[in-house]
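Colleague: Okay, here's the structure, questions in a sec.
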Amino acid sequence: MPHTLRLHPSDRLLYFAPHPDDETLAGGGLIQKAAAMGAQICVVFLTNGDRNPWPQRVMERKIFLDARARRRWGMRRQTEVRAALDTLGAAGSAEVHFIGWPDQGVTKLLMTADEVALNEIVNFTRAWKPTQIFTPAAEDTHPDHSSFFVLLQLALDRLHALGYETRPTLSYLVHYPKAPIHRELRSLRLNAQEKALKAEAIQMHETQMLSRKRFLAHARDTEDFHLAFAPEAKHSHHPVVSGDIVRGALQLRLKLLKPALTFKGAKLHVVLETLLEGSVRWTLTMPGNSAKARIHDARTGKVVRWATVRVTGRNAVISLPATNAVPLTRIFVKLEKRPLFFDIAGWREIAVDEARRPRLHFHRNTSAHPRTAGEG
């Protein structure tokens, strides 16, 4: 049974949107309600949505798009954001920032442990002092969305280490996985006027209206946000069924959700945060049958060790030697197997030894308020 998301005039809402339009598709009702009651809103756009070639080719009637054309498209999408916020009644009250990360490049920022990107999220959160953070979900099948979820968790861990307390963070889905997800919802019900304004604001994103019907379907009676899945929870929607540290190795159990899929060629991405070695990023290409597989350092491309992969039909067990990386404070994994553009699933977190984790368990309790009166 979903719970009602309650907003207050004293709220300071921080909303992270991977692309222009995500603020309206998932949060158009939220923004309306917050603006109407006088709550403060900050929307941070990670990219300009400028790697969006097919709509641009159709609308501009150009086949070849160079860097200048992409910049022009990104600026146009920024203008659309402002028109959408104006329609939602938040143009004068919402604080808006465009970070300018590469569109379709958030996974690379995560897998290269980009410190500049991570610090930008830390600084935005620390400066805004939100009472509530809204983030794209780990379960979203757009790689920019799910990868940002992981980046935010790492940023919140860093804030905690700097002495900042945390408050609730809620996730939203724009691109749903095909497998059903059982989420712990916090929902907003939209009245007829709010729903109509949300539909109007969606249409302010004119560059995306080749998919008008699909976009307008987001103007529903409710907007649903959810709490993060606990690492120990059952992730029935995810191909990584479970994970554990067994005799110095990270052991992952995988199950493909569709009989027609094969493991061959899929990429397993692993994000490790450790007390001794800092950030560790691994990638391996899955074999189609049981075999040894090279583990590459995602930052350098070098082979750093070998994994043992046992494949039985749609099931696989992977053992990745992790002795040098222990003690671990965070583990996130993703199986990348794309039929077209979208992933079959996003990221999921694997539980680690609680004694070794930061006191911030997972992001259910987040916002950046210092533990003491000072900001230092």
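Colleague: Measuring with a 1.4 Å probe in the full set of protein chains, what accessible area per residue, in whole Å², belongs to the chain? Show your work: numbers first, answer last.
Modeller: Values: 16880 Å² over 376 residues.
In whole numbers, the chain has 45 Å² accessible per residue.
Colleague: Further question on the same structure: Could you tell me, in Å, what Rg and Dmax come out for the Cα atoms of the chain?
Modeller: Expressed in Å, the Cα Rg and Dmax of the chain come to 20.8, 59.
Colleague: What part of the accessible area of region 120-199, given as a whole %, is carbon or sulfur when the probe is 1.4 angstrom?
Modeller: Details: 1480 of 2770 Å².
Carbon plus sulfur share of accessible area: 53 percent.
Colleague: Express as a percent, rounded to the nearest 5, the fraction of DSSP beta bridges in the chain (both residues included) that run antiparallel.
Modeller: Numbers: 52 of 73 bridges.
Roughly 70 percent of the beta bridges in the chain run antiparallel, per DSSP.
Colleague: State the percentage of accessible surface on region 234-274 attributable to carbon and sulfur atoms; use a 1.4 Å probe and exclude ligands, DNA and RNA. List each step's numbers first, then the result.
Modeller: Details: 1020 of 1950 Å².
Carbon and sulfur together cover 52 percent of it.
Colleague: Got a sec? Charge dipole of region 172-323, +1 on Cβ for Lys and Arg, -1 for Asp and Glu; which of His269, Thr222, Ser187 is way out at the positive end?
Modeller: Farthest along the dipole direction, towards plus: His269.
Colleague: Using just the Cα positions, wrap region 127-228 in a convex hull and report its mean projected area in square nanometres, one decimal place. Don't skip to the end; give the middle numbers.
Modeller: Numbers: hull surface 32.4 nm².
Mean projected area of the Cα convex hull: 8.1 nm².
Colleague: While we're on this one: HN-Hα J couplings of region 183-196 from phi, Karplus 6.51/-1.76/1.60, θ = phi - 60°, integer Hz, Gly and Pro as x?
Modeller: Each residue's phi maps through the Karplus curve to give 10, 8, 8, 10, 10, 10, 9, 9, 7, 4, 5, 5, 5, 5 Hz.
Colleague: About its Cα centre, how strong a charge dipole does the chain have in debye, to the nearest 20, once Lys and Arg get +1 and Asp and Glu get -1 at the Cβ? Walk me through the numbers before you get to the answer.
Modeller: Numbers: 54 positive and 37 negative charges, 264 e Å.
About 1260 debye.
Colleague: So, with +1 on the Cβ of K and R and -1 on the Cβ of D and E, and no other charges, what is the size of the charge dipole of region 150-235 about its Cα centre, to the nearest 20 debye? Could you put the intermediate results ahead of the total?
Modeller: Details: 13 positive and 10 negative charges, 68 e Å.
Here region 150-235 has a charge dipole of around 320 debye.
Colleague: Restricting to bridges with both residues inside region 90-238, how much of the DSSP beta-bridge set is antiparallel, in percent to the nearest 5? List each step's numbers first, then the result.
Modeller: Values: 6 of 10 bridges.
Within region 90-238, antiparallel bridges account for around 60 percent of the total.
Colleague: Further, regarding this structure: Please get the size of the charge dipole for region 1-109, origin at its Cα centre, with Cβ charges of +1 on Lys and Arg and -1 on Asp and Glu, quoted in debye to the nearest 20. Can you show the working numbers first?
Modeller: Values: 15 positive and 11 negative charges, 86 e Å.
Dipole of region 1-109, to the nearest 20 debye: 420 debye.
Colleague: Another question, then. Taking a spot 7 Å from the Cα of Met37 along the direction of its beta carbon, which residues of region 1-24 have an amide N less than 19 Å from it?
Modeller: Residues 2-16 fall inside that zone.
Colleague: On a 0 to 90° scale, report how tilted helix 143-161 is relative to the longest principal axis of the chain, with both axes built from alpha carbons and the result rounded to the nearest 10.
Modeller: The angle comes out near 80 degrees.
Colleague: Which of rounded, prolate or oblate describes region 177-272 when judged by the alpha-carbon gyration tensor and an a/c cut-off of 1.5? Before the final figure, lay out the partial values.
Modeller: Numbers: a/c = 3.11, a/b = 2.01, b/c = 1.55.
Prolate.
Colleague: Order the peptides 139-152, 284-297 from the highest to the lowest mean number of other Cβ atoms within 10 Å of their residues. Intermediate results must be reported in sequence, preceding the final value.
Modeller: Working: 139-152: 25.9, 284-297: 15.6.
Highest mean packing first, the order is 139-152, 284-297.
Colleague: Still on this structure, I have one more. Just the C-alpha atoms of region 303-356: what Rg/Rh do they give, with Rh taken as the Kirkwood radius?
Modeller: Numbers: Rg = 14.0 Å, Rh = 13.7 Å.
Taking Rh as the inverse mean 1/r over Cα pairs, Rg/Rh reads 1.02.
Colleague: For region 231-335, what Kirkwood radius comes out of the mean inverse Cα-Cα distance, in Å?
Modeller: Values: mean 1/r = 0.0715 Å⁻¹.
Value: 14.0 Å, from the Cα pair sum.
Colleague: Here's another thing I want to ask about it. Using alpha carbons only, how many angstrom separate the centre of region 294-323 from the centre of region 1-73?
Modeller: Region 294-323 and region 1-73 have Cα centres spaced 37 Å from each other.
The values are calculated or read from the model by the stated rules, or taken from the named source; none is laboratory data. As the structure is a prediction and not an experimental result, all values here were calculated from the model. Every residue, glycine as well, gets a Cβ built from its backbone with ideal geometry; the counts of neighbours run over all protein chains shown. Accessible surface areas use protein heavy atoms only, side chains included; no ligands, DNA or RNA. Shrake-Rupley method; radii C 1.70, N 1.55, O 1.52, S 1.80 Å.
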